[in-house]
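So the structure is just underneath, and the comments pick up after that.
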Amino acid sequence: MPAMVIVGAGECGARAAAELRAGGWDGRIELIGAERHLPYERPPLSKAALLADHDPVPLSAYDAAALRDLDIIHHTGVEVTDLDREQREVVLAGGERIEYERVLLATGATPRMLPMTAGFHRAHTLRTHDDALRLRTQLRSATRVTVIGGGFIGLELAAAARSLGCEVTLLEVADRLLGRAVPAEVAALVHARHVEAGVSVRCGVSLTEITETSSGTTVTLGDSTTVDGDILVIGIGAVPETTLAEKTGLHVDNGITVDHRLATSDPRIFAAGDCSSFPHPLYEGRRIRLEAWRNAQDQAVVAAHNMIGGDRTYDAVPWFWSDQYDVSLQVAGLPAEAATEVVRSRPDGVHIRYGIDGTGRLVSAAAVGTGNSVAKDIRLAEMAIAKRVVADPAALADPTVNFKHFLR
């Protein structure tokens, strides 16, 4: 009997495998991963894994016993080299072929590289558990760390390095941190917290040369100044992993293109997680791609349901989070969609910036606070965004107005 085959054994792939079984699929499920680990969660890699006093073990989403109980065949350290769509077979690196009923591509993304650092031994990116182990080791022997990239991953890596006592210089080509991911004022608060922690943050720079010696790295900037470091950490985003999809002739456009059901241009092949580009109904069906933990989890559920005959639409509100030092940053929706912004500041120091589009509809919320202080606000905002609530700006700005007022 043909199998349900999942290419990519990260959180998205493993969740989809479990959902297939929960949904009633009683045939074979083959989960194929290139890494030699059980499926594990990636968010701790830029946080707890780097700060741990001992070599961290991957935080497994599903341990070996759980996979056995679900009767999921898990291949580790195995590359998928081709999809034979005519024969409906997945081709493995060793030549083995697996006949499939449906395929889910959960291939994720790969860190964006700087060509000028090719072959460097002291330049790091972070995507896998093994990457985190290598970086963790070097951070403990480094005094000076240069971080390139002022997005979520670059900032988390800078925070980790500074928390370990390193001198940190963060370089960002754009004129502010976090680009279009959060409103400028929220980015400014994050910027200030890094400066307070002792990070030298330099925005609006250009990189003209990066060199490496046996003892460190040197970044030469457009103004001819240089930044020396013992190691270099590159956090400038990620590229969707579409190699297999392209090789087999599937449509690709900033990710593997899927429809509202997460099916690709071949109805027997689905894609989910960081690798997929999908039309979002909240944004007039415009195609977007998200690199986010929850998106990968939620898309896994929808894809699995539809692989066994369902017809669910993926319409979850985008949600992002980042912990840096004692600061929690959470974002619901897409701030770039906002025509105007409304600020709500609470006495406990929480700063929330709501985004409203041209019709008055709430389309985003970004909040900064300590600990879990922003979680409830963002969760309520998610609900309002999903319901397409038209919100009164004055009431949004008033911290004495219970947000549940907008959900009635």
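Has segment 397-405 got at least one residue that is surrounded by 14 or more Cβ atoms within 10 Å (Cβ to Cβ) and within 19 Å of Asp315 (Cβ to Cβ)? Within segment 397-405, not a single residue is surrounded by 14 or more Cβ atoms within 10 Å (Cβ to Cβ) and within 19 Å of Asp315 (Cβ to Cβ). Being out of contact with any strand residue (DSSP E or B) (no Cβ under 9 Å at 6 or more places or on another chain) and either on the phi < 0 side of the Ramachandran plot or among the aromatic types (Phe, Trp, Tyr) (or both) holds for only one residue in Thr340, Thr359, Thr370, Thr400, and it is Thr400. Every listed requirement among (1) modelled with pLDDT of 95 or more; (2) surrounded by 14 or more Cβ atoms within 10 Å (Cβ to Cβ) is met by Ala394 save one, (2). Taking first residues from segment 49-67 that are free of Cβ contacts under 8 Å to residues at least 24 places away in the same chain and partners that are assigned to a loop (DSSP other than H, G, I, E, B) and aliphatic (A, V, I, L, M), the Cβ contacts under 7 Å between residues at least 6 apart in sequence or on separate chains come to Ser60/Leu38. Taking segment 106-122 as the range and being small (Gly, Ala, Ser) and either within 18 Å of Gly216 (Cα to Cα) or more than 22 Å from the chain's Cα centre (by Cα) (or both) as the test, the residues that pass are Ala118, Gly119.
The condition of being on the phi > 0 side of the Ramachandran plot and either under 20 Å from the mean Cα position of the chain (by Cα) or in contact (Cβ under 8 Å) with a residue 60 or more places away in the chain (or both) does not hold for Gly154. Take the conditions closer than 23 Å to Met113 by Cα, β-branched (Val, Ile, Thr) and at pLDDT 95 or above and apply them to Thr213. Does it pass? No: the conditions fail for Thr213. Residues that are in contact with a helix residue (DSSP H, G or I) (Cβ under 9 Å, 6 or more places away or on another chain) and either part of a helix (DSSP H, G or I) or farther than 18 Å from Ala159 by Cβ (or both) within segment 324-344 comprise Ala332, Gly333, Leu334, Pro335, Glu337, Thr340, Glu341, Val342, Val343, Arg344, listed in sequence order.
Restricting Thr264, Thr243, Thr248, Thr257 to residues that are surrounded by fewer than 15 Cβ atoms within 10 Å (Cβ to Cβ), modelled with pLDDT of 95 or more and hydroxyl-bearing (Ser, Thr, Tyr) narrows the list to Thr243.
Meeting the requirement of 2 or more residues that are outside the structural domain of Gly33 (by TED's automatic domain parsing) and buried (at least 22 other Cβ atoms within 10 Å of the Cβ), the strands (runs of 3 or more DSSP E) wholly within segment 66-161 are 144-148.
Residue-level check: of (1) crowded, with 22+ Cβ neighbours inside 10 Å; (2) in contact with a helix residue (DSSP H, G or I) (Cβ under 6 Å, 6 or more places away or on another chain); (3) of a type outside the set (Ser, Thr, Tyr); (4) in contact (Cβ under 8 Å) with a residue 60 or more places away in the chain, Trp319 misses just (1).
Is it the case that segment 366-375 has a residue that's assigned to a helix (DSSP H, G or I) and under 20 Å from Arg287 (Cα atoms)? No - not one qualifying residue is present in segment 366-375.
Restricting attention to segment 8-42, the residues that are in a strand (DSSP E or B), more than 13 Å from Met307 (Cβ to Cβ) and among the hydrophobic types (A, V, I, L, M, F, W, C) total 2.
In segment 249-323, counting only strands (runs of 3 or more DSSP E) that sit wholly within it, the ones holding 3 or more residues that are more than 23 Å from Arg180 (Cα to Cα) span 269-271. Note on segment 53-65: residues that are in contact with a Pro (Cβ under 8 Å, 6 or more places away or on another chain) and either hydrophobic (A, V, I, L, M, F, W, C) or buried (at least 17 other Cβ atoms within 10 Å of the Cβ) (or both) amount to 4. On the given criteria, is Val331 among the β-branched types (Val, Ile, Thr), modelled with pLDDT of 95 or more and crowded, with 16+ Cβ neighbours inside 10 Å? Here the answer is yes, as Val331 does meet what is asked. Within segment 315-354, the residues that satisfy the criterion of being charged (D, E, K, R) and more than 14 Å from the chain's Cα centre (by Cα) are Asp315, Asp326, Glu337, Glu341, Arg344, Arg346, Asp348, Arg353.
The values are calculated or read from the model by the stated rules, or taken from the named source; none is laboratory data. Source: prediction; values computed, not measured. All Cβ positions, glycine included, derive from the backbone under ideal geometry; neighbour counts span all protein chains shown.
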